[in-house]
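The values are calculated or read from the model by the stated rules, or taken from the named source; none is laboratory data. Since we're looking at a predicted model, the values are computed, not measured. With ideal geometry, Cβ positions are generated from the backbone for all residues, glycine too; neighbour counts draw on all protein chains shown.
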Amino acid sequence: MSGFLKNKKILLGVCGSIAAYKAVFLTRLLVKEGAEVKVIMTPSATDFIQPLTFSTLSKNDCLVTYTKAEGNQWNNHVELALWADVMLIAPATVGTISKIVNAHCDNLLIGTYLSARCPVFIAPAMDEDMYHHPANQSNLQKVLDFGHQIIPVEEGELASGLFGKGRMAEPEAIVDFLQKYFTPQSTLLNGKKVVITAGPTYEHIDPVRFIGNHSSGKMGVALAEALAERGADVVLILGPSNLKTNHSNIQVVSVVSADEMYSEVQKHEYNLDIAIFAAAVADYRPVHSEDHKIKKLDDNMTIQLKKNVDIAASFGSNKKANQISVGFALETRNEEEYAKEKLRKKNFDIVVLNSLSEEGAGFKHDTNKIKIIDKNFQITSYAMKSKKEVAVDIVQAIENLLK
C-alpha cells in the first residue's frame, strides 16, 4: 500500500460485461488502499453481478437508476460527479464508450460521467474483433482527445473462446495505473513546512451579526491537499467553513477573525518554508463589538470600522531569503494592474489572480480560472478547471520556484 490512493474518492462505473466480476476484486483492492469507493452500475451490468456485492465491499450504496428503491427520492448524478476525485469506468464496454463519445445519456452512469469535472479513467473490455473495429478505435481516440486516460487492454483468452486483445486489465494492474498517476513526479516539496490561510474571516458586530464575505475556502483546502500529497507538512489556518480534510499531512487550525488568523500565522512565520495567503481576510473590523444584539431603533445606523492587520504584508516585510510567499488577488477591474501592485507591496514571489467577471470562477464555485504573475511580471494564463486541478497548477508554479 503506497498511500497515494488513501482518502481518494473514487467513483467506479461498472458496465454490462463478463469482466464485471473483476470489478468486484477491484473494489476490494481500492478500499484496501484506503480509497473511498462509490459504485454505479449500468442496468445490464446487474445481469452479471448483484448491486449488493458492491454495496457490501464499498460500504456505500451501489446505484443503478436515477430513482432510489423507495421511489420518492433520486440519486443526484451532479452531486455524485462533484464528489469524486476520480471517475473510473471498469469494465467499459463498446456501447458505453460509444455513449461517452456521443453524449448518449440513457442511464445514471453516463449522466454522472457527463457531469464529472475530475480525471476520468477508462478500462475497456470486449472481444478482439470489437476492440480492433475502426469505429471503436475511432471512439477510443476521441476519448483520449477528451483528456481521459485509457488503461490498456490485455491480451489473452477471451469470453468468446478466442485469443487476442480485448481483456480488461487485471484489478492489480488498474490499481497500479492509478497509483502511478497520483504518485508525485517531484520530491521538491517533501518535508517542506507550508502554512496556508483559507476561507473568510468574520468580524463580529454583535453576537448575531458580522462583517464577512462569500469565500468558501475550497481553493485553500484543494491547495493543502495537493501539497500534502507531494509530501509537504501543511498547516491549514481555516476561517469559518464547513469544509473538512482528512489527510494525515494536514493540520487544520480553525479561526474566526482576522486577528485570530494573524496570531496563528505568527506562530509559524519563522520556521515555515512556504506561506500561501489564500484567505479572503476582512480588511476592516468594528471598533466596538457589542455584547448583546443591537436593537433596531433608528432609520440609519453608523458602525465605525478600523483596519485589520494585513497578514500577508506583515509576513512579506519580514520574509527570509529562503522563504516563499504566494498571494491571491480577486479583482473586478484593472485586474492585472492591481495584482502586480499587490505582488510588489506584499513581497510575494508569485500572485494568483482570480476574476469575478469570469463565470464559474471565484467564490463558492468548484471551478476556477486563474493567471499566475511572477516577480518579473510575467503572466501565465490557465483555462477554466476544477479547483483541484487549479491547485495542481499552483503547486507546479511553487515547485518551479524551488528548483
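Would you check if there is a residue in region 323-338 being among the basic types (Lys, Arg) and either over 17 Å from residue 278 (Cβ atoms) or at pLDDT below 95 (or both)? Before you say what the answer is, go through the steps one by one.
Going through region 323-338, the residues among the basic types (Lys, Arg) turn out to be 333.
From what is left, the residues that are either over 17 Å from residue 278 (Cβ atoms) or at pLDDT below 95 (or both) are 333.
Yes, that holds for at least one residue.
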Scope region 273-293; condition surrounded by fewer than 21 Cβ atoms within 10 Å (Cβ to Cβ) and closer than 26 Å to residue 403 by Cα; matching residues: 273
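Residues that are β-branched (Val, Ile, Thr): find the strands (runs of 3 or more DSSP E) completely inside region 267-384 holding 1 or more of those. Show your work before the answer.
Numbers: elements: 274-277, 284-286, 305-307, 324-331, 350-355, 370-374, 379-381.
Here the list reads 274-277, 324-331, 350-355, 370-374, 379-381.
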Selection count where residues are among the aromatic types (Phe, Trp, Tyr) and over 17 Å from residue 265 (Cβ atoms), scope region 320-352: 1
Count of region 269-295 residues which are closer than 28 Å to residue 232 by Cα and among the polar types (S, T, N, Q): 1
Members of region 185-215 that are buried (at least 23 other Cβ atoms within 10 Å of the Cβ), within 20 Å of the chain's Cα centre (by Cα) and on the phi < 0 side of the Ramachandran plot: 189, 194, 195, 196, 197, 198, 200, 215
Verdict on residue 70 being assigned by TED's automatic domain parsing to the domain that holds residue 178, surrounded by 15 or more Cβ atoms within 10 Å (Cβ to Cβ) and modelled with pLDDT under 95: no
Qualifying residue in region 103-126 (condition: of a type outside the set (A, V, I, L, M), more than 30 Å from residue 218 (Cα to Cα) and touching a strand residue (DSSP E or B) at 6+ places or on another chain (Cβ under 8 Å)): yes
